[in-house]
Amino acid sequence: SKGYDKVRVSVVAPRLEAFDDFPFTYREQFRYRWTENFLHSALVKLSAGANKLSIGGRNVTVDLPEEDVGIRGVFWADPCFSSKWINCRYAERFQTFNRSVEMLNGIFKDPTMNLWGILGDNFYDQTGELTKTFFDHISLDVKRRFFLVVNGNHDNWVCGGPECGDASDNFGLGQMQYYPADAVASTLEPQDDVNFLDFSVDPDHRREYQSFQNSGTNFLSYHKLGNIGFLSFSGAAKFEDAKPHMEEACRYFEEAQPAAVFVVGHWNSEGMGCLKDMATPEVRAEILRLPGCRELGDRLKYMDGHKHCNYVQAHNEEPIGFMIGAHGMDDHCEAQYGFLFLDSTGGRVRLYYFEVDSATRGDRFEDIRGCVESRGSLASCLYFAETWLDVPAERERGSGVLV
């Protein structure tokens with residue numbers, strides 16, 4: 001919302017680094033949680049196309065797609081690979097650590113990939129050590145792409161909900177510094193483009209560990225990448241606090257005219273820390289009543305997780321809701337492990353579901369990974385995928401059904 005050409009570039013390191021070759025404006029030790037880390041960050045102006053940066057002596061290319069051009073991205077929710085804090089039932093069965101790393105590294109060798117998103121319960125990590133382990137193994141080709149992360153219940157209270165919260169919990173504080181974004185907090189005083197995070201809630205001062213100990217504005221963001229809009233938020237925040245900013249988001253989307261807007265949240269229903277009207281389907285329904293979003297109709301869609309299953313969650317005239325929560329955890333659905341591939345190139349907005357392994361289909365990891373390696377792109381391996389969405393990118397505003 002600060003301009004299409006504004007991009008936040010960040011490095012997390014175990015110490016403060018000089019980085020004389022890059023103009024980081026924020027250089028601070030993490031506050032309150034995961035304090036063994038140091039964040040270096042800056043909001044920079046980039047041009048459409050390949051932007052060649054030098055950071056710590058390493059050449060890093062950040063590709064900003066032209067506005068209104070199609071993009072490609074991969075989405076997961078609820079990924080786990082360790083039972084250190086919460087039982088990751090299928091970690092060994094689906095080999096979730098090695099295979100998630102290998103699949104990501106393989107997919108993002110493709111220069112046409114733009115975005116990776118995790119929709120909450122990000123590795124079920126209370127202390128940050130699991131997060132560091134995972135990121136130590138993914139390639140620079142993954143890390144240099146745009147990254148979208150959502151706050152989930154286990155990101156706040158590792159046990160899964162506020163009733164069992166305690167002083168060791170994260171409350172999304174480590175998360176918001178490890179995955180820094182220009183959220184709404186950066187537009188509100190006393191924050192600014194340099195000091196862009198709201199640290200006004202110190203959980204150890206309040207000691208109210210059985211409630212959300214953060215500001216919802218640290219997780220509420222809206223933007224456009226290529227021809228797709230995104231609105232992300234935390235369901236642990238209050239709707240009445242978020243609503244004015246969601247109204248601003250709708251005005252932004254009315255002006256930006258994306259081909260589709262995805263509301264990306266974690267919770268699929270209230271409870272376990274999700275407050276009234278803040279489950280992802282509810283947020284989509286609420287903002288569909290707002291000027292600027294009302295006109296989107298079925299072009300306003302959502303993705304979520306929380307339930308550890310993968311399926312098309314809701315339909316109107318076309319699919320509008322997508323659950324992608326099976327990535328290592330178990331639930332009442334069959335054992336599944338997969339991801340979503342968003343492709344808005346070629347005048348269409350499409351979602352393809354790749355089931356890597358499941359009780360029904362069996363193990364297809366080597367087939368999918370081998371196809372990506374040999375053919376060079378996920379888009380060339382669609383015969384392994386289910387088509388969940390395929391609609392025109394260009395449509396009149398207001399097409400679809402308002403419910």
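The values are calculated or read from the model by the stated rules, or taken from the named source; none is laboratory data. Owing to the predicted nature of the structure, the values given are computational and were not obtained by experimental measurement. Ideal geometry is used to build each Cβ from the backbone, glycine not excepted, and the neighbour counts take in all protein chains shown. Protein only, heavy atoms only, side chains kept; ligands, DNA and RNA dropped before computing areas. Shrake-Rupley method; radii C 1.70, N 1.55, O 1.52, S 1.80 Å.
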- [ ] Would you please state the base-10 log of I(q)/I(0) at q = 0.12 1/Å for segment 312-387, with intensities from the Debye formula using one equal scatterer on every alpha carbon?
- [x] -0.38
Open item on the list: Sort 230-240, 283-293 by packing, meaning the average of other beta carbons within 10 Å per residue, with the highest value first.
Closed with: 230-240, 283-293
Open item on the list: Just to check I understand the Karplus step: with θ = phi - 60° and J = 6.51 cos²θ - 1.76 cosθ + 1.60, what whole-Hz values come out for segment 38-55, glycine and proline as x?
Closed with: 10, 9, 10, 8, 7, 8, 10, 9, 10, 9, 4, x, 7, 10, 8, 10, 10, 10
Open item on the list: Just to confirm a number: summing +1 for Lys and Arg and -1 for Asp and Glu over residues other than LYS238 whose beta-carbon lies under 11 angstrom from that of LYS238, what do you get?
Closed with: -1
- [ ] Please report Rg over Rh for segment 1-119, where both radii come from the alpha carbon positions and Rh follows the Kirkwood definition.
- [x] 1.01
Open item on the list: Going by amide H atoms built from the backbone, whose H comes under 5 Å of the H on GLY117, apart from near neighbours?
Closed with: VAL74, PHE75, TRP76, LEU148
Open item on the list: Please list log₁₀ I(q)/I(0) at q = 0.13, 0.16, 0.19, 0.20 Å⁻¹ for segment 63-200, using the Debye equation with identical point scatterers on the alpha-carbon positions.
Closed with: -0.64, -0.94, -1.20, -1.27
Task: For GLN336, residues with placed amide H under 5 Å, excluding near neighbours - done: none
Open item on the list: Can you compute the helix-only [θ] at 222 nm over the chain? Use -39500 (n - 2.57) per DSSP H run of at least 4 residues, normalise by all residues, nearest 500 deg cm²/dmol.
Closed with: -5000 deg cm²/dmol
Open item on the list: For the chain, compute the orientation-averaged projected area of the C-alpha convex hull (one quarter of its surface), in nm².
Closed with: 17.8 nm²
TODO: Could you go through segment 71-84 in sequence order and give the Karplus-derived ³J(HN,Hα) for each residue, using 6.51 cos²θ - 1.76 cosθ + 1.60 with θ = phi - 60°, rounded to whole Hz, and x for Gly and Pro?
DONE: 10, 9, x, 10, 10, 10, 9, 6, x, 9, 9, 9, 9, 4
Task: Calculated P(r) tail over 21 Å for segment 199-295, as whole % of Cα pairs - done: 34 percent
Open item on the list: Could you sort ARG27, ARG145 by their accessible area in this structure, using a 1.4 Å probe and putting the largest first?
Closed with: ARG27, ARG145
Open item on the list: Counting each pair of different Cα atoms once, what's the Kirkwood radius of segment 166-225 in Å, rounded to one decimal?
Closed with: 12.2 Å
Task: Positive minus negative residues near GLY106 (Lys, Arg vs Asp, Glu; Cβ under 9 Å) - done: -1
Task: Cysteines in the chain that, by Cβ-Cβ distance, have no pairing candidate under 4.7 Å - done: CYS274
TODO: Tabulate in residue order the Karplus-calculated ³J(HN,Hα) for segment 135-140, using 6.51 cos²θ - 1.76 cosθ + 1.60 with θ = phi - 60°, rounded to whole Hz; enter x for Gly and Pro.
DONE: 5, 5, 9, 8, 7, 4
Open item on the list: Suppose a student asked you for the relative contact order of segment 290-371, using Cα pairs under 8 Å spaced at least 6 residues apart; what percent would you report?
Closed with: 19 percent
